[in-house]
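The structure under discussion appears below in the form of structure tokens.
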Amino acid sequence: MNRTHGIAALAVVLVLGAAATALVPDREGVDVPDEGPWTIAVATGFHDLDDCLDDEAVAVVTSSADLPSTRTALTFVESATRSDVERVASCLTGRVGADAVIVLTTDAG
């Protein structure tokens, strides 16, 4: 995947994540698909999320370009497991609430 396709794919993830979180009612936890690879979309900027973002399973953190940032996406290392994603999602929901976090399965290709 070239850089342009990667940026376009991330933009789609951020838009879908924002739309999905707007439609999901308040809940206690976040659903994590059984199989990855995974991306977590957060309907908030990265401020005050450092403890969650510094997890060893997180490969890349991307935030929207607006200031202050209003969207954040996390992708995971190739070897990440479902329990790694659940741990990071739990950390994020503890900071911003489950209604602002969604876990998506992303295309590995």
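With a sphere of radius 11 Å drawn around the Cβ of residue 32, what net charge do the other residues whose Cβ falls strictly inside it have (Lys, Arg +1; Asp, Glu -1)? Before the final figure, lay out each step's value.
Details: positive: 82, 87; negative: 31, 34, 35, 84, 86.
Value of the local net charge: -3.
Quickly rank 61-70, 91-100, 44-53 as a protection proxy: mean count of other C-beta atoms within 10 Å, highest first.
91-100, 44-53, 61-70
Contour minus end-to-end for residue 70 and residue 86, with contour as 0.36 nm per residue of separation and end-to-end as the Cα-Cα distance?
Working: separation 16, 0.36 × 16 = 5.76 nm, distance 2.24 nm.
Computed gain between residue 70 and residue 86 is 3.5 nm.
Describe numerically, in nm with one decimal, the distance between label points set 7 Å from Cα along Cα→Cβ at residue 99 and at residue 79.
In this crude spin-label approximation the distance works out to 3.9 nm.
Could you list which residues have their amide H under 5 Å from that of residue 59, counting only those 5 or more apart in sequence or on another chain, with H placed in the peptide plane?
75, 76, 77
Enumerate the calculated ³J(HN,Hα) couplings along the range 54-63 in order (Karplus 6.51 cos²θ - 1.76 cosθ + 1.60, θ = phi - 60°), each rounded to whole Hz, writing x wherever the residue is Gly or Pro.
7, 4, 5, 7, 7, 8, 9, 10, 10, 10
All of the numbers you see were taken from the coordinates with simple rules; none came from a lab. Remember, predicted model here, so these are calculated numbers, not experimental data. In this analysis, Cβ positions are derived from the backbone assuming ideal geometry, glycine residues included, and neighbour counts consider all displayed protein chains.
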